[in-house]
Amino acid sequence: MSSRLVSSDAATKVDAPFREAVGALMHLTTATRPDIAFSVGYVSRFMENPQEEHWVAVKRIFRYLQGTKMHGICYKPNAKIGFRGYSDADWAGDLADRKSTSGYIFMLLGAPVS
C-alpha cells in the first residue's frame with residue numbers, strides 16, 4: 001500500500017460489498033496468494049466502518065490480482081533442500097492505536113510454504 005489509510009467516524013459509509021470482498025481476499029491469501037497478505041491484512045482493519053478510500057484500496061488489490069493471475073509459485077527441483085524463514089515488523093506503525101504489524105514467510109525449495 002503506497003498511502004496510509006486512516007479510520008474515520010464519518011457518517012458516509014461505502015455502499016459496496018466491502019466485507020465480502022475482503023473475506024474473499026483473505027481466502028486467497030491463505031490458499032494461493034501469500035503475496036497479498038500484507039495489503040489484505042491492512043484493509044481488513046477497516047471492516048467496522050469502511051470508507052470510500054478503503055474500498056478503492058480493495059479494488060486496487062483485485063486489479064493487482066488480475067494483472068498477475070499468470071504468476072505462480074514455482075518449486076525449483078534442483079534447489080538445495082533447505083527450509084528458511086524470514087520475519088519483519090514495524091514498530092507501532094498504526095498511527096491510531098500504535099499497534100505493530102508483523103509478518104513472516106517460510107520457504108522450501110525456493111518457494112513459500114507458509
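Any read-out appearing in this document is the output of simple, stated calculations on the displayed coordinates, not a laboratory observation. Every value quoted in this text rests on a predicted model; they were computed, and no experiment measured them. Neighbour counts are summed over all protein chains in view; Cβ atoms, including those assigned to glycine, are modelled from backbone coordinates with ideal geometry.
Scaling the Cα radius of gyration of the chain by the globular reference 2.2 N^0.38 Å produces a ratio of 1.23.
Let me have the relative contact order for the chain, percent, based on Cα pairs under 8 Å that are six or more residues apart. 22 percent. Peptide packing for 72-79, 59-66 was compared via the average number of neighbouring C-beta atoms within 10 Å per residue; ordered from the highest value, the list is 59-66, 72-79. Based on DSSP H segments of at least four residues, each scored -39500 (n - 2.57), the chain has a per-residue ellipticity at 222 nm of -10000 deg cm²/dmol.
Straight-line cross-link partners of Lys59 among the lysines, defined as a Cα under 19 Å from its Cα and at least 8 positions apart when in the same chain: Lys13, Lys69.
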